[in-house]
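Nothing in this text is a laboratory measurement; each read-out follows from the coordinates by a stated rule. Bear in mind that the values here come from a model prediction, so they are computed numbers and not experimental data. Counting neighbours? That spans all protein chains shown, and the Cβs are built from the backbone with ideal geometry, glycine included.
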């Protein structure tokens, strides 16, 4: 029987949506993202049919191609940054208010990403935002896996500096202790109040656990995500511990470290949350008795 190159419509829609998400986060502009995705598909159809049929994973090929196009765009010396759009006027208590806030919060992070080099931005977005495997990230960025890991680390450090303001160790510790008490008591309103309105949370599962693939924005949504992840679970405990030189949270399940959370504080509120769930990155924490 002749091979038919047909894909279910749901897969086609999901594939394009995924590419638009990736290119938007890398370029910070919906218009530029659309053009990058169009160019990606143009390159796909410029391949001969024989070559296309030899590609075992078209979605990966498309993602790699889209990433390369974005890197080309980011490297242009005259590229204009994302900037922050003005606030939209919306009627109170409407769905549009929530959508406008989510859009604005996303742009706060996108503006911070403009301070990164193209390679740093790509490594961070592909790894932390979309949780792509290290090999895939390396293929898109054009660097080795260790180099990409270092680029992503540098990007995280840069974003922390961009978002956080100077706080004393005592202020940082007090904010984290307050969050720990609220999470333990499952006090959603208190958790929400302890977070900055434009807080962003990242969940790094490394493709090894079913962690959230995209960042979560806004204090209500981040509070919901943290309480869903950590609250009300038997045999689960949360304690404070030094993480990256400052007080963070360590989550244990049956005495095994299951998550390590670092927090960036601004004006006594949590500005960014970094939840590491990747078992490979937690290996060092579990080498002894689970108490690193």
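Taking the simple approach of a point 7 Å from Cα along Cα-to-Cβ for both residue 51 and residue 240, what is their distance in nm?
About 5.8 nm, to one decimal.
Using the alpha-carbon centroid of each, what span in Å lies between the range 227-245 and the range 201-224?
Distance between centres, Cα-based: 15 Å.
Can you check how the C-alpha radius of gyration of the range 198-243 compares to 2.2 N^0.38 Å, as a plain ratio?
Output field value: 1.26.
Please label the shape of the range 166-286 as rounded, prolate or oblate, based on the square roots a ≥ b ≥ c of the eigenvalues of the alpha-carbon gyration tensor (a/c under 1.5 means rounded; beyond that, a/b larger than b/c means prolate, else oblate).
Taking the square roots of the gyration eigenvalues as a ≥ b ≥ c, the range 166-286 is rounded.
Hey, rough spin-label estimate for residue 13 and residue 111, points 7 angstrom out along Cα→Cβ, what's it come to in nanometres?
Distance between the two pseudo-spin positions: 3.4 nm.
Across the Cα atoms of the range 224-288, what radius of gyration and what greatest pairwise Cα-Cα distance (Dmax) are found, in Å?
When restricted to Cα atoms, the range 224-288 yields Rg and Dmax of 12.1, 36 Å.
Would you compute the Debye intensity of the range 142-236 from its alpha-carbon atoms alone, equal scatterers and no solvent, and pass along log10 I(q)/I(0) at q = 0.17, 0.18, 0.22 Å⁻¹ to two decimals?
-0.94, -1.03, -1.27
Return 167, 23 ranked ascending by Cβ neighbour count within 10 Å, so the fewest neighbours appear first.
167, 23
Find the centroid of the Cα atoms in the range 268-284 and in the range 31-76, then give the distance between the two in whole Å.
Rounded to whole Å, the Cα centres lie 32 Å apart.
Sort 216, 129, 191 so that the residue with the fewest other Cβ atoms within 10 Å of its own Cβ comes first and the one with the most comes last.
So the residues, fewest neighbours to most, are 129, 216, 191.
So what is the relative contact order of the range 166-286, in percent, for Cα pairs below 8 Å that sit 6 or more residues apart?
The value is 29 percent.
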